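Heads up: the structure comes next, in structure tokens.
The values are calculated or read from the model by the stated rules, or taken from the named source; none is laboratory data. Please read these numbers as outputs of a predicted model, since none were measured by experiment. When we count neighbours, we look across all protein chains shown, and the Cβ atoms used for this are built from the backbone with ideal geometry, even at glycine. For the accessible areas, the whole protein counts, side chains as well, though only heavy atoms, and no ligand, DNA or RNA atoms are used. Shrake-Rupley method; radii C 1.70, N 1.55, O 1.52, S 1.80 Å.
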Amino acid sequence: MVRLQPYRHPPNEVELLDYAQTLASFYADQSEGPVDRDARIRGDLRKLMIEELADAATCNRRNNTAKAHARGQVLLFAMTGFLLAFLAEAAILLSEALVA
């Protein structure tokens with residue numbers, strides 16, 4: 001059975017720019033210097049990206065592990081099917097050889 005896997009992707013550039021602008025307006029209201037404000041914005045963006053990339057990597061690794069396990073099972077079933085077909089053909093050939 002094939003199921004749709006929920007893959008996670010980090011935010012795109014538009015979402016990141018919106019978040020950065022929201023942070024800039026938030027920190028602009030506080031009485032801090034522009035250097036300190038920029039450092040806090042970069043720190044918040046860095047923290048967001050670390051969390052988003054870690055969540056995406058964990059989710060995608062879990063999905064890829066499940067897919068790799070499923071591929072192994074499909075290969076095992078296909079090899080078993082070929083083995084059974086080979087044994088059935090061998091049984092037919094042996095029975096024909098014994099009858100003749």
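Find, among the chymotrypsin sites (Phe, Trp or Tyr not before Pro) in the stretch 6-35, those assigned to loop by DSSP (not H, G, I, E, B) with at most 14 other beta-carbon atoms within 10 angstrom. Within the stretch 6-35, the qualifying chymotrypsin sites (Phe, Trp or Tyr not before Pro) (loop, at most 14 other Cβ atoms within 10 Å) are Tyr7. Run the accessible area of the chain with a 1.4 Å probe and give the carbon-and-sulfur part as a rounded percent. Heavy-atom surface of the chain belonging to carbon and sulfur, 1.4 Å probe: 66 percent.
For the listed peptides 92-99, 70-77, a ranking on the average number of other beta carbons within 10 Å per residue, highest first, reads 70-77, 92-99.
Rounded to the nearest Hz, the phi-derived 3J(HN,Hα) couplings of the stretch 72-79 under the Karplus curve 6.51 cos²θ - 1.76 cosθ + 1.60 (θ = phi - 60°) are x, 5, 4, 4, 4, 5, 5, 5, where x marks glycine and proline. Helix-only arithmetic for the chain: the sum of -39500 (n - 2.57) across DSSP H runs with n ≥ 4, divided by the residue total, places the mean residue ellipticity at 222 nm at -30500 deg cm²/dmol. Rounded to the nearest whole Hz, the Karplus-based 3J(HN,Hα) values (6.51 cos²θ - 1.76 cosθ + 1.60, θ = phi - 60°) of the stretch 33-46 follow the sequence x, x, 5, 5, 5, 4, 5, 5, 5, 4, x, 5, 5, 4, with x at glycine and proline.
Relative contact order, whole percent, for the chain stands at 38, derived from Cα pairs under 8 Å and 6 or more residues apart.
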